[in-house]
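Accompanying notes for the structure given below.
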Amino acid sequence: DAANLERLRRYPRPPQDNGSGLHFDLDLTDQTIAETVEHLKSIGATWTLIYAQDELQAERAPTACFRAGIMPVVRVGNLIDEFTDPVPYVDALRRALQASAFPYDPAQPPLYVQVFNEPEDTREWTDGERPDNWPEIFGRNWARAALRVFQAGGYPGIQVLDRPGFDAAVDAVNAMGAQQLWERA
């Protein structure tokens, strides 16, 4: 509806947002970060998704992106059924943003963190085995981690390929009484 569209328009966006973006290179060495940022700039990308194995990677690559006017979304590099605290990733993004001249509203810093990835894919589970009750496990784990991202001031992202995982995440958020996180998810 119109109110929802207006709320979505208020989400932080990069300067001259054109909606174009690509996955960042998986190699996060300094040279590859610089080369990838140049490639993104050459095609006019204003967004990128960075797969970060730790909070150090979640700071280095986003710093270069923010400095180039490209909005990074950090994907926490962990499996769905293993615990990783997402808060250090939010903090790393905050440091990256502060180390740049990227324009943003201090009341809404653009700290986008994708929590988990495609629960339908067996590669996203320990030993490549997706359990029979995967939607419930994904939903519960996503809701817990997303709430931590939200409480740390970030925007938790969800990446699913089908409805069961999404619906389970919505149900888990509701069961926790944490519906407020949808204001920034």
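The values are calculated or read from the model by the stated rules, or taken from the named source; none is laboratory data. Everything numeric in this text was worked out from a predicted model, so none of it was measured. So basically every Cβ, Gly included, is an ideal-geometry build from the backbone, and we count neighbours across all protein chains shown. To get the accessible areas, we keep the full protein, side chains included, count just its heavy atoms, and leave off ligands, DNA and RNA. Shrake-Rupley method; radii C 1.70, N 1.55, O 1.52, S 1.80 Å.
A few comments on the model shown:
- The range 168-185: number of residues that are acidic (Asp, Glu) and within 26 Å of residue 9 (Cβ to Cβ): 1
- Among residues of the range 1-25 that are on the phi > 0 side of the Ramachandran plot, none has a Cβ under 6 angstrom from a residue that is surrounded by fewer than 12 Cβ atoms within 10 Å (Cβ to Cβ) at a sequence gap of 6+ or on a separate chain.
- Residue within the range 153-168 that is touching a Gly at 6+ places or on another chain (Cβ under 9 Å), more than 22 Å from residue 61 (Cα to Cα), among the charged types (D, E, K, R) and not in a helix (DSSP H, G or I) present: no
- Taking first residues from the range 66-90 that are under 14 Å from residue 155 (Cα atoms) and partners that are open to solvent by 40 Å² or more (accessible area, probe 1.4 Å) and at pLDDT 95 or above, the Cβ contacts under 6 Å between residues at least 6 apart in sequence or on separate chains come to 71/47; 75/51; 86/148; 87/148.
- Positions within the range 72-120 being on the phi > 0 side of the Ramachandran plot and not hydrophobic (A, V, I, L, M, F, W, C), in sequence order: 118
- Close Cβ contacts (under 6 Å, 6 or more residues apart or on different chains) running from residues in the range 120-132 that are assigned to a helix (DSSP H, G or I) to residues that are open to solvent by less than 30 Å² (accessible area, probe 1.4 Å) comprise 124/80; 124/117.
- Only one entry of 101, 185, 107, 92 meets the criterion of being more than 19 Å from residue 49 (Cβ to Cβ) and touching a helix residue (DSSP H, G or I) at 6+ places or on another chain (Cβ under 8 Å), and that entry is 101.
- Helices (runs of 4 or more DSSP H) wholly inside the range 1-109 that include at least 3 residues being surrounded by fewer than 16 Cβ atoms within 10 Å (Cβ to Cβ): 2-9, 30-42
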